[in-house]
Amino acid sequence: MDLSMPSKQIKLEEGLSTEIKLEDGLSSSSVAQEEYFCVSPQEPTQTNSGKGMPFHCSDCGKSFMKKSAFQTHQRIHTGEKPYQCSDCGRSFTQQSNLKKHQRIHTGQKPYMCSECGMTFNQQSALQAHRRTHTGEKPFQCSECGQYFRKTETLKKHQRIHTGEKPYQCSECEMSFRESGHLKKHQRIHTGEKPYHCSECGQSFRDSANLKKHHRIHTGEKPYQCSDCGMSFTESGSLKRHRFIHTGEKPYHCIVCGKSFNQQSDLRRHQSVHTGEKPYQCSECEMSFRESGHLKKHQRIHTGEKPYPCLECGMSFRDSGNLKKHQRIHSGAKL
């Protein structure tokens, strides 16, 4: 008796088909390829040629060719994260994401840049880094046309156009476009200043302010005025200085219309209208409109006279009185 069975054609996922002869004692699972999911001949099938995909998500309508991809996708809806990190307990929907995450703990950085030798723990991070060498910026903002190297940088930028500020402070309800900006802001409430100057020990809330402060010690002034050659430690100081050359006065008093080239000058001027004197002496409770005026006044109490005359050694509380005194030596009229 011939026990052989007729050949059956089994259609595989990805649009592949193969002739598999099923013989007695041979299970179909032994011939199914690991990469593809066999579809029962009785079930309706669709190929990769364009009409559809066999695995359909009833939650969002997405379709998939592979059962494994479909099952992974469903975890988005169920919230299931079966792959857990043994070091920190964080969970992931995919094993591949867990493997990538574990490199944070192991320090493994298998992806190396052939240009500069920098290493990365994810291939996507290496690809983004390579663009610093090539200059490639493939991600364009549809609003203003600006290009970016990374999708996340583009997303942050787009919030300028949308006005979206998804990161809110739980203390004062101020909102921010970036999580990093919120983190810096929260240090105002906590008083945390994690960046310390190695020269003088002064502490700062963020690294940018520490970098600016360092220039006091190094004497570095990287921002130079193209008109007069004056140099500054901060770009903002250069910008304010250039108003002298351009004549621009962008800060306007809404009370009298007077204009100023610096915001600090406008604030000082506004106190003339408001009568506000926010700087108070702790010794005698006298108040002043400007911090500089308070500082001069406090020398009455401290006895400090930081301006000495080089001719006779007499000292004065402020530079104005020193200048008046120097006219005695120069013979200039008082």
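The values are calculated or read from the model by the stated rules, or taken from the named source; none is laboratory data. Note that the structure is predicted; figures quoted are calculated from it, not measured. When we count neighbours, we look across all protein chains shown, and the Cβ atoms used for this are built from the backbone with ideal geometry, even at glycine.
Among the residues here, E192 qualifies as free of Cβ contacts under 8 Å to residues at least 40 places away in the same chain and part of a loop (DSSP other than H, G, I, E, B).
Taking T153, is it assigned by TED's automatic domain parsing to the domain that holds T134, among the polar types (S, T, N, Q) and without any contact (Cβ under 8 Å) to a residue 40 or more places away in the chain? Considered against the rule, which asks whether it is assigned by TED's automatic domain parsing to the domain that holds T134, among the polar types (S, T, N, Q) and without any contact (Cβ under 8 Å) to a residue 40 or more places away in the chain, T153 comes out as yes.
Out of the residues in region 225-264 that are farther than 25 Å from E199 by Cα and polar (S, T, N, Q), state the one that is surrounded by the fewest Cβ atoms within 10 Å (Cβ to Cβ). This residue is S226.
Quick check, is F120 among the aromatic types (F, W, Y) and farther than 24 Å from R149 by Cβ? For F120, the condition - among the aromatic types (F, W, Y) and farther than 24 Å from R149 by Cβ - is not met. Take region 126-178 and flag every residue that is small (G, A, S) and either in contact with a Leu (Cβ under 6 Å, 6 or more places away or on another chain) or crowded, with 16+ Cβ neighbours inside 10 Å (or both). Hit for region 126-178 is A128, nothing else.
Of all residues in region 309-334, those being closer than 26 Å to L294 by Cα and touching a residue at least 12 places away in the same chain (Cβ under 8 Å) number 8. Against the test of being among the charged types (D, E, K, R) and in contact with a strand residue (DSSP E or B) (Cβ under 7 Å, 6 or more places away or on another chain), the options K184, K137 yield a single qualifying residue, K137.
Output the number of residues of region 275-300 satisfying the condition of being surrounded by fewer than 13 Cβ atoms within 10 Å (Cβ to Cβ) and either under 16 Å from F316 (Cβ atoms) or touching a residue at least 24 places away in the same chain (Cβ under 8 Å) (or both). Total satisfying the criteria: 1.
Would you call S198 small (G, A, S) and either in contact with a strand residue (DSSP E or B) (Cβ under 8 Å, 6 or more places away or on another chain) or assigned by TED's automatic domain parsing to the domain that holds Q262 (or both)? Here the answer is no, as S198 does not meet what is asked.
Within region 55-90, being closer than 28 Å to H105 by Cα and assigned to a loop (DSSP other than H, G, I, E, B) holds for G79, E80, K81, P82, C85, S86, D87, C88, G89, R90. Can you find a residue that is in contact with an Asp or Glu (Cβ under 7 Å, 6 or more places away or on another chain), assigned to a helix (DSSP H, G or I) and closer than 28 Å to A208 by Cα anywhere in region 249-265? No, every residue in region 249-265 fails to be in contact with an Asp or Glu (Cβ under 7 Å, 6 or more places away or on another chain), assigned to a helix (DSSP H, G or I) and closer than 28 Å to A208 by Cα. Output the number of the condition that Y307 fails; it satisfies all remaining conditions of (1) more than 29 Å from D265 (Cα to Cα); (2) touching a helix residue (DSSP H, G or I) at 6+ places or on another chain (Cβ under 8 Å); (3) hydroxyl-bearing (S, T, Y). Answer for Y307: the failing condition is (1). Just to be sure before I move on: is F232 among the aromatic types (F, W, Y) and within 30 Å of N321 (Cα to Cα) in the structure I sent? When the stated conditions are applied, F232 passes them. If you go through region 77-125 and keep only what is among the hydrophobic types (A, V, I, L, M, F, W, C) and more than 25 Å from T153 (Cβ to Cβ), you end up with C85, C88, L98. Among the residues of region 295-317, is there at least one that is more than 30 Å from S330 (Cβ to Cβ) and among the aliphatic types (A, V, I, L, M)? No, region 295-317 contains no residue that is more than 30 Å from S330 (Cβ to Cβ) and among the aliphatic types (A, V, I, L, M).
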